[in-house]
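Here is the structure we will look at, set down as structure tokens.
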Amino acid sequence: MRTLPLLLLFSLPALAAEPIFDLVLRNGKVVDGTGNPWIHADVAIRGNKIAAIGNIPAGSGKREVDAKGLVIAPGFIDMHSHSDTLLLEDGNAPSKVRQGVTTEVLGEGNSAGPYVGEMRADGRNRFESLGAYFTALEKSGSAVNVASYVGLDNLWLSVMGTSHVRPTAEQFAKMKPILEAAMQDGAIGLSSMLMMPPGSLATTEDVAELCKIVAKYRGSYSAHIRSEGETVLDSVKEAIAVADKAGVPVDVIHLKIAEQKLWGRMNEIIALIEAARKRGVNVQANVYPYTRGNNNLASIVPPWAHEGGTNKMIERLEDPMQRARLKKDIKEGIPGWYNHYTAVGGDWSRMLISGKGTYAGLTMDRVIAARTKGKQGSADSVDVMLDLLIATEGSVPTVFEHHTEQDMNLALKQPWCSVGSDGSAYAIEGPLRRGHPHPRNFGTFPRVLGFYVREKGLLTLEDAVRKMTSLNAAKLGITDRGTLRPDTCADITIFDPERVIDRSTFAEPFHYSEGIAYVIVNGKLVLDGGKPTGEKPGKAIKRPKP
């Protein structure tokens, strides 16, 4: 039997060939993920690896796919995802696979594990260790690969519970072995969510001290910065300072200016990052291609009112004396706190309820009108919002219209800025059709290719693919995915560059994207001719121990 070397094959004699490859992708435009110009070539797969790229002899594949007119690219790596528990419910990852995603990166601020000490593991949503989560995921099966940061929240909650008191030196020291264990389990690094408690309780020095442990494992720091509002510039400086002090790379999560008073100043943020990079600090960022972000109405409640957890917060909302203080802080702000209410100018029409229930899909101005209809007198709109939080047990998922296309486009064009969805693996039917979600859950990557490449011309095809593949792989320290080259893992997305587009909207989110034809994960087709196969070849991608 003939054997072919695992080399880049530019040309082979057109000999009668035996099927020595499991799958051959023919006649496509190969965009290899590096940013290099596309080439016409075939791609051969054997087992879970790419075996050859070039002119592959006819008949050498057990199955052959004609990709004429299509782009063959590395599988997209979703740099910022929240599918942790959803993948345990349905490992088919419907909305992600149909976007061409082959790897999801989890753990923004809060990860599935570890939960120890003050916070109990429950075996489903919370695990005693990150390794236990990886094991559970691989046992249940996943169509996509998974990598995960360990969340700063996990460390803090496991030691401090829901208290807002400052940890003693002894308490802070207890966080370190928990972090170290997660890194040994294969965590990519540490991720923070500094905008809300418990992450907001950590100081710059706290985060830097923890990141020194991450540095020992050559990991990275993923930073949801302390504020995207009035102090966004200082918050970016803080992320840079952590990276500088700890000697770790930092990736700023969904870089944006979510404060209308500062719109148009993205160039200043870019200048900060460029200056840090010039002096040797590895600072990068990611964005999602939308100008609205998902959070919760509870984020409008000042940080001090969250101490003790959700039940204590609700007690404060119900207390007339404390409510007066709450309303004052919400309307006037607190120095250093990112206030979602003032960020959108107090405009309730720029807040869309995205969770489930009576008001899903309505903007808050309509919700307020509905809840005050027929009542005498004029109700304070903040009171109505606080009452809604009480009625919903303290949680109302909400989309905030708080940043601009111009700022987002400027960030996206930067060579160090990649793409992440900040979304989850939902579905358009069945148990994973939930609430009224942000369209990024269904459309992030096709939107980049269809709108920002084909229609708007903001990016070239090659650079857009780089931002969704090799750039993210490099940030994560993954060397065997993110580019198309022989002897790397066969994670591949094939799409129609003339048709690919997102169909999910803010008004009607439950639509899969179009134009993604085939998705291959570890050599197995999980999307075949636009249809899911039910295969679950995904693996936990763990950072190797130094």
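In table form, for the structure just shown:
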{"quantity": "Any hit, region 177-189, residues being assigned by TED's automatic domain parsing to the domain that holds residue 132, free of Cβ contacts under 8 Å to residues at least 12 places away in the same chain and in a helix (DSSP H, G or I)", "calculated": "yes"}
{"quantity": "Any hit, region 143-152, residues being closer than 14 Å to residue 110 by Cβ, of a type in the set (A, V, I, L, M) and surrounded by 18 or more Cβ atoms within 10 Å (Cβ to Cβ)", "calculated": "yes"}
{"quantity": "Residue under evaluation residue 111, criteria (1) assigned to a helix (DSSP H, G or I); (2) closer than 30 Å to residue 480 by Cβ, criterion not met", "calculated": "(1)"}
{"quantity": "Residue satisfying all of: in region 182-206; closer than 25 Å to residue 134 by Cβ, in contact with a Lys or Arg (Cβ under 9 Å, 6 or more places away or on another chain) and not small (Gly, Ala, Ser); surrounded by the most Cβ atoms within 10 Å (Cβ to Cβ) among these", "calculated": "188"}
{"quantity": "Residue tally, condition buried (at least 20 other Cβ atoms within 10 Å of the Cβ), small (Gly, Ala, Ser) and either in the same structural domain as residue 349 (by TED's automatic domain parsing) or under 27 Å from residue 545 (Cα atoms) (or both), over region 458-506", "calculated": "4"}
{"quantity": "Residues (under 21 Å from residue 219 (Cβ atoms) and free of Cβ contacts under 8 Å to residues at least 12 places away in the same chain) located in region 231-282", "calculated": "280"}
{"quantity": "Criterion: touching a strand residue (DSSP E or B) at 6+ places or on another chain (Cβ under 6 Å) and among the polar types (S, T, N, Q) - qualifying residue of 83, 95", "calculated": "83"}
{"quantity": "Pick from region 229-264, criterion among the charged types (D, E, K, R) and more than 22 Å from residue 419 (Cβ to Cβ), ranking: surrounded by the most Cβ atoms within 10 Å (Cβ to Cβ)", "calculated": "259"}
{"quantity": "Qualifying residues in region 255-282 (those that are part of a helix (DSSP H, G or I) and β-branched (Val, Ile, Thr)) - the one farthest from residue 347 (Cα to Cα)", "calculated": "273"}
{"quantity": "Residue ranges of strands (runs of 3 or more DSSP E) in region 435-546 with at least 2 members closer than 23 Å to residue 34 by Cβ", "calculated": "492-495, 516-521"}
{"quantity": "Any hit, region 134-141, residues being surrounded by 18 or more Cβ atoms within 10 Å (Cβ to Cβ) and either modelled with pLDDT under 95 or not hydrophobic (A, V, I, L, M, F, W, C) (or both)", "calculated": "no"}
{"quantity": "Qualifying residue in region 60-75 (condition: touching a Gly at 6+ places or on another chain (Cβ under 8 Å), in contact (Cβ under 8 Å) with a residue 40 or more places away in the chain, under 26 Å from residue 284 (Cβ atoms) and of a type in the set (Gly, Ala, Ser))", "calculated": "yes"}
{"quantity": "Qualifying residue in region 125-137 (condition: within 25 Å of the chain's Cα centre (by Cα), within 30 Å of residue 513 (Cα to Cα) and assigned to a loop (DSSP other than H, G, I, E, B))", "calculated": "yes"}
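The values are calculated or read from the model by the stated rules, or taken from the named source; none is laboratory data. None of the values given here were measured: they were computed from a predicted structure. Here Cβ is always computed from backbone atoms with ideal geometry, including for glycine, and neighbour counts include all displayed protein chains.
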